[in-house]
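Just so it is clear, none of the values below were taken in a lab; they were calculated from the coordinates. Model, not experiment: these values are computed from the prediction. A quick note on method: Cβ atoms are made from the backbone with ideal geometry, for glycine too, and the neighbour counts reach across all protein chains shown.
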């Protein structure tokens, strides 16, 4: 999960001296085992742990109040998770985040989710720093190191930190991409320039991992997605962004073996939905509680507390869905899992 990763070329009235995501776009256009899609994030401008919660559990933020962070508010003991399903399938599970483990209570949350091993900022010796944070290049090195050290099958989930706000212009010593616009103010262009540098470095990080995995024999899937867009309200207003565009980040998937993605992926998905489909690609058995959510996401591929989209591409209002029996059923199930009432039994 790449901090604030998006496609800056979608911003109207702006030109770049180089496409910030050009290498990834080229990969997706020329490699049949690479695909680019849209992720409907439940967050905008912050709240990284909410899409992270969705991706690691398969549960939905639709049932959470806004400004609720489940890692902090709900996770007090072990929780059913996608991590645990990989463990059951004999995968070594590793969680990596090069910030402090107290950030969003991840140190405890990752334990409750079932990771075998965690790597936080405190665990990294002399990391490469760029723009004040552990660099995306260093993050790629951490992925490779842990990939090589773990034997057998492995599930590695990581959250980058380099491109975290604020985006003050003098954050980097040098910039690879010039931002040009007659519509934006000098302050807005400076802010966007710093942000775009982070996106470009995220693009390079992904491609570094692709090139490494091309030479790996074991079948491997590499997924990257943005947690949310940065809060560039004035820039987005000038570009005509509506709520849908403010919530839409990319997902990119590449594998070193042949996959027919059309069987699993839709153009727009939620992080929770994407994770379930990746499990199916990896031949991981879907647990009983997620089969209900799998049915829900088949009907509403993008489904969270900010945006609902049905399987025909229609954007719906929450009040249009409140009487949906499938939504009601999953609400009861998620409440039972999170609050630990244990009313529901598997029969």
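Descriptive notes on the structure:
- Of 21, 210, the sequence from fewest to most neighbouring Cβ atoms within 10 angstrom is 210, 21.
- Tensor-based shape of the range 78-224 (alpha-carbon gyration tensor, a/c under 1.5 rounded, otherwise prolate or oblate): prolate
- In the range 8-339, Cα pairs under 8 Å separated by at least six residues give a relative contact order of 29 percent.
- Residues residue 322 and residue 291, FRET efficiency given R0 of 25 Å [Cβ-Cβ distance, rounded to 0.05]: 0.65
- If you plug the beta carbon distance of residue 116 and residue 72 into 1/(1 + (r/R0)^6) with R0 = 22 Å, you get a FRET efficiency near 0.45.
- The separation of the range 138-182 from the range 319-334, counted between C-alpha centres, amounts to 37 Å.
- Counting only DSSP beta bridges whose two residues both lie in the chain, roughly 60 percent are antiparallel.
- Cβ-to-Cβ counts within 10 Å put 6, 185, 43 in ascending order as 185, 43, 6, the fewest first.
- Exposure proxy ranking, count of Cβ atoms within 10 Å, fewest first, for 211, 295, 277: 211, 295, 277
- Additional length obtainable on full extension of the chain from residue 312 to residue 218, 0.36 nm per residue less Cα span: 30.2 nm
- Over the chain, dividing the summed -39,500 (n - 2.57) contributions of all DSSP H runs of at least 4 residues by the number of residues returns a 222 nm mean residue ellipticity of -11000 deg cm²/dmol.
- Applying 1/(1 + (r/R0)^6) with R0 = 22 Å to the Cβ-Cβ distance of residue 15 and residue 231 gives a FRET efficiency near 0.45.
- A simple spin-label model places the labels of residue 329 and residue 261 3.0 nm from each other, with each point 7 Å out along Cα-to-Cβ.
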